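What follows is one structure encoded as structure tokens, with my remarks underneath.
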Amino acid sequence: MTTTPDTLQTYVVGGAVRDRLLGRPVNDRDWVVVGATVQQMLDAGFRSVGRDFPVFLHPQTNEEFALARTERKSAPGYHGFSVHADPSVTLEQDLSRRDLTINAMALRNDGTLVDPFGGQADLQDRVLRHVSEAFAEDPVRILRVARFAARFADFRVAPETLALMRNMVDAGEVQALVAERVWQELARGMMEATPSHMFELLRECGALRVLLPEVDRLWGVPQPPAHHPEVDTGVHLKMVLDEAARVRASLPVRFACLGHDLGKGTTPADQLPRHLGHEERSVRLLRALCERLKVPVDCRELAEVTAREHGHVHASLALGPAAQLRLLERCDALRRPARFADLLLACECDARGRLDFEQRDYPQRQRLLQALAFARTVDTAAVAQRLAAIGRSGPQIGAAIHAARIEALRQGFANPE
């Protein structure tokens, strides 16, 4: 329980209220303080932490308390706002600046609901609806709505909200977004339960072609029906992303799933529905995308190796020991076994992200993990010491280690325990 001075009018707001009404766990609470000044907050023991507007940490719980405020658009883009916070700002004025009605509710200290914009009704009707036309002033809200669509799979976007999002895209507001914020929202959306809904909504409002044209162009691109009964590459991508969410994959794995087939969007028309060489094209497109959005290193490295090698992983059951080892070496599996395990999980999601393939086994994953385990049984230091003792050096030692690993693979698969 958070105890605040009786002189302060405090309300729990936003996501905590929404999730409580939905019966979902509430992990964090945000508070709004109405009718107070900065000095009153400091005198009550709160610590000031806000740079752009007055935000304070509670002296005991460290929960965030913000003074009620209004915002006005003053320049294009995400940062183009002037903020007004003083004791005259009402709770309803503060709630009116929020993005969606389901996020524009508050709870009084006695537990009663303050809901001036119909958020509770929209929760019951499973609707994502903007609070006011001020929604159009912040392009980040397009990404936030898409993220909520990924979180709440059974919600629909109100037609008027979708129309407003399209107008914002047409007005060029999305182009003003900074890369770091785009990545932050995309990453959070990819970690939701149904990430495909985020990309579908971004595509529907036109933002995907601006932010991720490499992804947007995958829709409508056919694939061989024998391997892809769903045919459409964009549909396949959505299925792969949702499979990654189903198995609770990490963010690097989910991003690798997002980027594994980008090259199929640039396959010449006369080569469709086959996609020869799409792996190399995917790597080039991924590098440009990662540079543009400043994607973290762990995500970009796993995505690149997945784009380059997923076809070889799929075909790996037919490989002999030497070819298996070459695949392990190309994936840097011996030095980075954890990343290799992530690669195999991304490949399994790719294999299962197809119509009627969802429940199929993927033995390639376990077999390649076994191959890596066999290869790592070779005592490389002992091999190097033995050859050095008879005058062998660098390349000769490397070749001997390589041969020993191939033999370890051959023996391991020939004599399973």
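What to note about this one:
- Here the dipole of segment 62-203 is about 300 debye; that uses its Cα centre as origin and unit charges on the Cβ of Lys and Arg (positive) and Asp and Glu (negative).
- Here the Karplus curve 6.51 cos²θ - 1.76 cosθ + 1.60, taken at θ = phi - 60°, turns the phi angles of segment 22-36 into couplings of 7, x, 8, x, 10, 9, 10, 10, 10, 10, 10, 10, 10, x, 10 Hz, with x standing for Gly and Pro.
- Residue 291-residue 341 pseudo-label distance in nm [points 7 Å out on the Cα-to-Cβ vector]: 3.4
- Between 0 and 90°, nearest 10: helix 195-205 axis offset from the chain longest Cα axis: 60
- Among 186, 334, 143, the residue with the largest mean-square fluctuation in a Gaussian network model of the chain, with springs joining Cα atoms closer than 10 Å, is 334.
- Each of 377, 266, 101 has some number of other Cβ atoms within 10 Å of its Cβ, and from fewest to most they run 377, 266, 101.
- Residues 110, 30, 298, 342 arranged by fewest to most Cβ contacts within 10 Å: 110, 298, 30, 342
- Surface/4 estimate of mean projected area, convex hull on alpha-carbon atoms of segment 343-410, nm²: 5.6
- Close amide H contacts of residue 114 (hydrogens built in the peptide plane, cut-off under 5 Å, sequence separation of 5 or more or a different chain): 106, 107, 108.
- Contact order relative to length of the chain, as percent, for alpha carbon pairs under 8 angstrom and 6 or more apart: 9
- Karplus (6.51, -1.76, 1.60) ³J(HN,Hα), θ = phi - 60°, over segment 322-329, in Hz, Gly and Pro reported as x: 5, 5, 4, 5, 4, 5, 4, 5
- Taken over the chain, the alpha-carbon convex hull comes to 200 cubic angstrom per residue.
- Using only alpha-carbon positions in segment 254-405, the gyration tensor eigenvalues give semi-axes of 33, 18, 15 Å once each is multiplied by 5 and square-rooted (largest first).
- Exposure proxy for 10, 112, 380, 161: other Cβ atoms within 10 Å of each Cβ, ordered fewest to most, give 112, 380, 10, 161.
- Share antiparallel - DSSP beta bridges, the chain, percent rounded to 5: 75
- Annotation: amide H-H contacts under 5 Å for residue 55 (H modelled 1.01 Å from N, sequence separation of 5 or more, or interchain): 49, 50.
- Cα long-axis angle, helix 363-375 against the chain (0 to 90 degrees, to the nearest 10): 60
Values quoted throughout were computed directly from the atomic coordinates according to the rules given, and no laboratory measurement underlies them. Note that the structure is a prediction, hence the values are computed from the model and not measured. With ideal geometry, Cβ positions are generated from the backbone for all residues, glycine too; neighbour counts draw on all protein chains shown.
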